[in-house]
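Student: Questions regarding the structure given below will be posed in turn.
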Amino acid sequence: MIVFTCQQCGTRLQAYDENVGKKARCVCGEVMRVPEVSETEQPIPAAFDPAPYQPTDPHPTDSLPTTTEEMAEQAQEGMNFGSMAWGFILMIISAIWFVAALANGRTSGSAAVLFFIGLFRVISSFQGES
Ligand SMILES: [Zn+2]
């Protein structure tokens, strides 16, 4: 993810790596090229929207991505929801466990393993048993 600042208004924008060199339009209307180097290594939550840029401004100007809603609809349409739900619960528990270990200055490998078990369970419930 490339993070850069609009020269015109100073709004911080972010773009996917594959959009380097492409033109991006800021919320203020200024058009600029996406730089090759991100301005900061500070992680910013990735957006679901495949648009070439995302303003970090919390007020969205475009329609919100519907990815999670579509996933929820698909889940209700005959997928193995029980298995997927258990996978999510595993992921949540392991995430809490991992953060708790991290708060004590440690990295919990067991929590990471449990997280991936939950993740694979979710993925396999998407693929199988149709
Ligand atoms: Zn701007």
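The values are calculated or read from the model by the stated rules, or taken from the named source; none is laboratory data. Here the structure is a predicted model, which is why all the values come from computation and not from measurement. Backbone-built Cβ (ideal geometry, glycine too); neighbour counts: all protein chains shown.
Student: Going through the range 2-29 one residue at a time, which ones are assigned to a loop (DSSP other than H, G, I, E, B) and away from the ligand (no atom under 13 Å from the Cβ)?
Tutor: Those that are assigned to a loop (DSSP other than H, G, I, E, B) and away from the ligand (no atom under 13 Å from the Cβ): 16, 20, 21, 22.
Student: To continue, here is another question. Scan 74, 42 and give me the residue that is at pLDDT below 80, assigned to a helix (DSSP H, G or I) and of a type in the set (S, T, N, Q).
Tutor: Values: 42 fails: assigned to a helix (DSSP H, G or I).
Answer to the selection: 74.
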